1. The conditions are (1) in contact with a strand residue (DSSP E or B) (Cβ under 7 Å, 6 or more places away or on another chain); (2) within 15 Å of residue 123 (Cα to Cα); (3) surrounded by fewer than 16 Cβ atoms within 10 Å (Cβ to Cβ); (4) of a type in the set (Val, Ile, Thr), and residue 82 fails exactly one of them. Which is it?
2. Test residue 25 against the stated conditions and say whether it is part of a loop (DSSP other than H, G, I, E, B), surrounded by 12 or more Cβ atoms within 10 Å (Cβ to Cβ) and in contact (Cβ under 8 Å) with a residue 40 or more places away in the chain.
3. Filter region 1-22 for residues that are surrounded by 15 or more Cβ atoms within 10 Å (Cβ to Cβ) and under 15 Å from the mean Cα position of the chain (by Cα); which is nearest to residue 100 (Cα to Cα)?
4. With 76, 33 as the choices, which residue is in contact with a Lys or Arg (Cβ under 8 Å, 6 or more places away or on another chain) and assigned to a strand (DSSP E or B)?
5. Looking at region 28-37, which of its residues are of a type in the set (S, T, N, Q) and buried (at least 20 other Cβ atoms within 10 Å of the Cβ)?
Amino acid sequence: LATFDTVAGSNGVTIVSGTNITYTSPGTYIINLNVQTSITSGGPGTFNMWLTKNGTNIIGSCSIETIDGGGRSDVLAKSFSITTQNPNEYIQVYWYCTSTNGQLTSTPAQLSPSRPLTPSVSVVTHQI
């Protein structure tokens, strides 16, 4: 289960308990995920990322990406369309890797040239 510790901006969307992306207004929402993954050592691994709504898997929301091992990283990105969000309903982002060395990886801010922190998981959601 992915956790979130920073909210860059919100309008009717909050993070509850660090994991629940909660909506205050009914409507149709798009959720865009950007996930930084890596296999720290060993052979390849397959990452699965999917969404749940109020604790139930959202059909068709799973993305699968296989990456080589030995420190290689990759970006897994997926867009989802949610058609029935009511007030106080929530979305969660789950992940699984077939390799015990698989992880979601953030990168600290960099210098020369200056670059901001790269989060392991970023979510952008908006009502359409």
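Each value in this text was obtained by applying a stated rule to the coordinates, not by laboratory testing. In this text, all values refer to a predicted model and were calculated from it rather than measured experimentally. Positions of Cβ are generated from backbone atoms using ideal geometry, with glycine treated the same way; all protein chains shown enter the neighbour counts.
1. (3)
2. On the way: part of a loop (DSSP other than H, G, I, E, B): yes; surrounded by 12 or more Cβ atoms within 10 Å (Cβ to Cβ): yes; in contact (Cβ under 8 Å) with a residue 40 or more places away in the chain: yes.
The answer is yes for residue 25.
3. The selected residue is 2.
4. Numbers: 76 fails: in contact with a Lys or Arg (Cβ under 8 Å, 6 or more places away or on another chain).
None of the others qualify; the one that does is 33.
5. The first filter runs over region 28-37 and keeps only residues of a type in the set (S, T, N, Q), leaving 28, 32, 34, 36-37.
Within region 28-37, 37 is the sole residue that qualifies.
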